[in-house]
Amino acid sequence: MTARLREPRFPEPEVPAGATALAARLRALVAADPDRPLVTEDTADGPGVVRTRAEFDARTNRLARAFADRGVRRGDLVSIALPNTAAHLESSVAAWKVGAVPQPLSARLPAVERDAVLAVAAPALVVDTPVDAGSYDDGPLPDVVGPSWKAPTSGGSTGTPKVIVAGQAACVEQVLARADGLRIDRDGVFGCTAPLHHNAPFMFTLMALLQGHHVVLMGRFDAARALAMIPAYGVTWLYAVPTMMSRMLRLPDADWAACDTATLRTVLHVGAPCPPEVKRGWIDRVGAETVFEIYSGTESQAGTAIDGHDWLAHPGSVGRVTRGEITVRDDDGRELGPGVTGEIWMRSGGAPTYHYLGASARERDGWESLGDMGSLDADGYLYLADRRADMILVGGANVYPAEVEAALTAHPGVRDAVVVGLPDSDYGHVVHAVVQAEPGIENDLREFLDGRLSRAKQPRSIDVVDHPLRDDAGKVRRSEIAARAADARRRATADGATG
């Protein structure tokens, strides 16, 4: 743990008079049921560390005083580079209690990448080991409303990192304004399957904690354990990404039969386009009313939502706009008609929803883009194509990796697939696929794709691997995969020329 002071570098939002500090919300939960579990670390052998509401509140009071002793003040960032443990959430809440802003980081970041993020964030404190605050007073602190409640980094990016400071103050009125729209009701059981250094699981987990949920944290995703966790704790709200959902669906029927999923009220997924067969599989397993999807960026300018019933009527859609405004435009900024793919642009229509550190928004006439591509139908349902940077131009035709990946993963022998573009002297680029599958599947895959994709969209080359292609949050670094594949192709060409 290291300490470093800095001045706040982002504007403060307007806070309503009489706003309720997040610490006050936690005290109310303690008063209502002090012995109810608030956080549990799940392990392969069952519950590990368990913190009741009263224990969690007392521990975060001590930790907040320890942070203050190390120079943390209102408006400072506190970088948290811990694994999925109760200590991670305690560090976030302790930061709130002194008016600071929690800034989650991967505990596994290479030193070079971590240093680059910290150079942008300039935190007052870096917590990379649990802090021993046992000698500090555990009594309540004066309530303080910080200028923001979270500041995650951009997920899965390469190059210069950016920190995205939420535009909502650390008060109940602003942080929980969206909880109902996310189906995070009061006093449920929240199953977190993904790393807390990613924005979505971090945000949902903290919202659930403030709503009095019993938060169950998986240290590292395991499909069988994630399924067993549902009846073991009576999970009512489960967070997942499509990669996780696919792995869970592939479990033996006996595993599903042994797990009573009746307690589930919501399975929310976000983070990547969901293959139709995965979506249908979950709807079949837990019911259309339970499966819920949202689309939004960490910046949260706007968003959509869709449940399973609506999805069955509009297959492939991520829903209609529920917050802000969304439009689809061409490269010249012209709004496109129904069914035409273009770049997705958003605006909040109100107060700023975020502030960048280390970056500037891609902005045009008051609209902002995160680089996603998609289309709107005549009824206002949004369909994602891919990110603009991931699109592959093959002989003048646009190829969207998500479409090719969905076709590949529809094959029963493919566990996962990642598609990238490789330079080609004839076409400009060609499609290359890396699939997680058993060796020798290539010819079968090519026959399988013949009836599903046009020739331009079919992979010119396929690499078969036996290891996962995405991390526990479903993220993948396409640039690294493309660089490795291009390098392998250059070496093979050189070997052929000299052989």
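What follows is calculated from the coordinates using simple rules that are stated; it is not laboratory data. Everything quoted here is computed from the prediction, not taken from an experiment. So basically every Cβ, Gly included, is an ideal-geometry build from the backbone, and we count neighbours across all protein chains shown.
Structure summary
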{"read-out": "Lysine pair count for the chain [Cα-Cα under 29 Å; pairs on different chains or 8 or more apart]", "value": "8"}
{"read-out": "From the C-alpha gyration tensor of the range 391-498, square roots of 5λ in Å", "value": "20, 17, 15"}
{"read-out": "5 angstrom amide H check on Val321, placed H, neighbours 5+ away", "value": "none"}
{"read-out": "Peptides ranked, highest mean first, by Cβ atoms within 10 Å: ranges 80-86, 454-460", "value": "80-86, 454-460"}
